[in-house]
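Visitor: What follows is a structure written as structure tokens; I'll ask about it next.
The values are calculated or read from the model by the stated rules, or taken from the named source; none is laboratory data. None of the values given here were measured: they were computed from a predicted structure. Backbone-built Cβ (ideal geometry, glycine too); neighbour counts: all protein chains shown.
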Amino acid sequence: MLFRTLKFHPAYITDFTIKLVIQLILLSTLAPIVVKGEGMTPITLQTLIILFGSIAFGWRIGFLATLLYIAMGFAGLPVFADYTSGIAKLYGPYGGYFFGFLVASLVTGYLTEIDMFAKQMTAILLWFLGHLIILVCGLFWTTQMGRIGWWEELQFLFPAAAIKSVFGALIIQLIYKIIQRFKK
């Protein structure tokens, strides 16, 4: 939706690079944040920021930024949830979520470039689809690791995913409205 509207530079490669850098800055500064509350599921901002980049900028920037984000974390930069890092994350119980990040960034970024999904109501569905992809990949991996069953894990994670989906959709809509207002 925003990838058609938001242009930082007339030259494609410069515009692409600026958007990629913006997404990497968002990922490295906001994705590690975990919102914790008494008696609630901790909410990481990883999926919100990953899906934002793909839905706002399209699949090329979204996927590349997600791939670079994962590489930065594996290289030791503390960019993963709760300011963690390391390649051991890939082999641990949350490894499937990293694969889900990549798949979701491709799918949601690709679909956002199709006219049908550029409308406000259908764009909201992309957020839910992205979170669903991430959850399915993560839950498949988690259940293969012998942790709790997928249904229990889904009940634990779904409320946070739904909150982030609604919040993400609202953020995109707000940015879109602001851009439209300045274009007039």
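Visitor: Identify, from the list 124, 179, 172, 133, the residue that is of a type in the set (Val, Ile, Thr), touching a residue at least 60 places away in the same chain (Cβ under 8 Å) and surrounded by 15 or more Cβ atoms within 10 Å (Cβ to Cβ).
Guide: Details: 124 fails: touching a residue at least 60 places away in the same chain (Cβ under 8 Å); 179 fails: surrounded by 15 or more Cβ atoms within 10 Å (Cβ to Cβ); 133 fails: touching a residue at least 60 places away in the same chain (Cβ under 8 Å).
Criteria check complete, one pass: 172.
Visitor: If you don't mind, there's one more thing I want to ask. Of the residues 30, 48, which single one is at pLDDT 90 or above, under 26 Å from residue 91 (Cα atoms) and crowded, with 18+ Cβ neighbours inside 10 Å?
Guide: Details: 30 fails: crowded, with 18+ Cβ neighbours inside 10 Å.
Answer to the selection: 48.
Visitor: So which residues in region 52-83 are out of contact with any strand residue (DSSP E or B) (no Cβ under 8 Å at 6 or more places or on another chain) and either exposed (fewer than 15 other Cβ atoms within 10 Å of the Cβ) or free of Cβ contacts under 8 Å to residues at least 40 places away in the same chain (or both), if there are any at all?
Guide: 66, 67, 70, 71, 74, 75, 76, 83
Visitor: Now for a different question. What are the pairs with Cβ atoms under 7 angstrom where one residue, in region 139-168, is at negative phi and the other, located anywhere, is among the small types (Gly, Ala, Ser) and surrounded by 15 or more Cβ atoms within 10 Å (Cβ to Cβ)? Sequence gap at least six, or different chains.
Guide: Filtered contacts from region 139-168: 140/96; 141/95; 141/96; 142/96.
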